[in-house]
Amino acid sequence: MGGILLWRGCTYPAKLTEELEALLRVLEHAKVDFDTLEDEECCGYPLILLGRRDVAKKIAEENSRKLDGYSLVVTPCPACFRMFSQFYPSLGAKTPETMHVSQFLYKLMQENKIKSSELKPVKLKVMYHDPCELGRHMGVYEEPRRVLAGIPGLSLYEQRFVREKSACCGGGSLLPVYTSSLSVMVAVRKLLEEDRIPDDLDAIVTTCPQCILNMRQGIRWIGEEKPINVRVYSLAQILDLSLRGGGC
């Protein structure tokens, strides 16, 4: 082996297949030679949240054997990224270098594997949402914004609270499992009160599957009270849209 492994995570294959397909198209466009695992299972992060480090350790050891031989693991899930980067070493499990997909996409743009001349205008006003796991926990703030800045036609709206002060969407820490209604209420408050999204906003872009799902649910709730036409995209979806001819 010795190559790149795309670790998809649990949520994308199960609930966000269009977003995963967009990512695969971008990687294929950039001629990235990567593998996926047919027997990929959970990274174990939910067990950390539940305080079951003993069980998480067993999963980490098993996954570590699957990752052995790869030089780089790329994942679109910030929870997997944090688990591999921070918790696996603390559990005694070795992992290769790990990158979040936002970092990897920016690297591809820097290396001219995704050329600026190939990117077509995407005429949307978008807001980038910093996921808690990727931002405050892992310190990844700039790479997603630099990817967006490289896409012609995009207008980036900066909300009140960004980077380390970004408001949580309510989709993490197993909150949707314990009380889904509260989770969605957090998303509604974030959008209407913390971020104060403007009426002319076209889309929210983020880099976490839980954020995508929960903010879409929040937008549906808002739509029951007043008209709202805001979509939620993954970063790879916006990049894929630009590579496939742009639009709005």
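Here are a few things to note about the model shown:
- Which listed residue, of PRO144, PRO131, is in a helix (DSSP H, G or I) and open to solvent by less than 10 Å² (accessible area, probe 1.4 Å): PRO144
- Any hit, region 216-231, residues being polar (S, T, N, Q) and closer than 13 Å to HIS129 by Cα: no
- Total residues in region 84-139, condition closer than 26 Å to ARG65 by Cα and not small (Gly, Ala, Ser): 20
- All conditions in (1) open to solvent by less than 60 Å² (accessible area, probe 1.4 Å); (2) of a type in the set (Asp, Glu); (3) under 19 Å from ILE204 (Cα atoms) hold for GLU158, with the sole exception of (1).
- Residues of region 157-182 that are over 18 Å from the mean Cα position of the chain (by Cα) and within 16 Å of ILE222 (Cα to Cα): SER180, SER181, LEU182.
- Pairs linking a residue in region 98-114 that is within 13 Å of LEU239 (Cα to Cα) and aromatic (Phe, Trp, Tyr) to a residue that is open to solvent by less than 40 Å² (accessible area, probe 1.4 Å) and at pLDDT 95 or above, with Cβ atoms under 8 Å and 6 or more positions apart or on different chains, are PHE104/VAL74; TYR106/PRO144; TYR106/VAL147.
Okay, residues lined up against (1) at positive phi; (2) touching a residue at least 12 places away in the same chain (Cβ under 8 Å); (3) open to solvent by 10 Å² or more (accessible area, probe 1.4 Å); (4) assigned to a helix (DSSP H, G or I):
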residue: GLY172; (1), (2), (3), (4): no, yes, yes, no
residue: SER183; (1), (2), (3), (4): no, yes, no, yes
residue: LEU191; (1), (2), (3), (4): no, yes, no, yes
residue: PRO198; (1), (2), (3), (4): no, yes, yes, no
residue: LEU201; (1), (2), (3), (4): no, yes, no, no
residue: LEU213; (1), (2), (3), (4): no, yes, yes, yes
residue: ARG216; (1), (2), (3), (4): no, yes, yes, yes
residue: TRP221; (1), (2), (3), (4): no, yes, yes, yes
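- Residue within region 8-17 that is touching a Leu at 6+ places or on another chain (Cβ under 8 Å), among the aromatic types (Phe, Trp, Tyr) and either more than 19 Å from GLN210 (Cβ to Cβ) or exposed (fewer than 12 other Cβ atoms within 10 Å of the Cβ) (or both) present: no
The values are calculated or read from the model by the stated rules, or taken from the named source; none is laboratory data. All of these numbers come straight from a predicted model, not from anything done at the bench. With ideal geometry, Cβ positions are generated from the backbone for all residues, glycine too; neighbour counts draw on all protein chains shown. Each accessible area value is taken on the protein alone, full model and side chains, heavy atoms only, with ligands, DNA and RNA left out. Shrake-Rupley method; radii C 1.70, N 1.55, O 1.52, S 1.80 Å.
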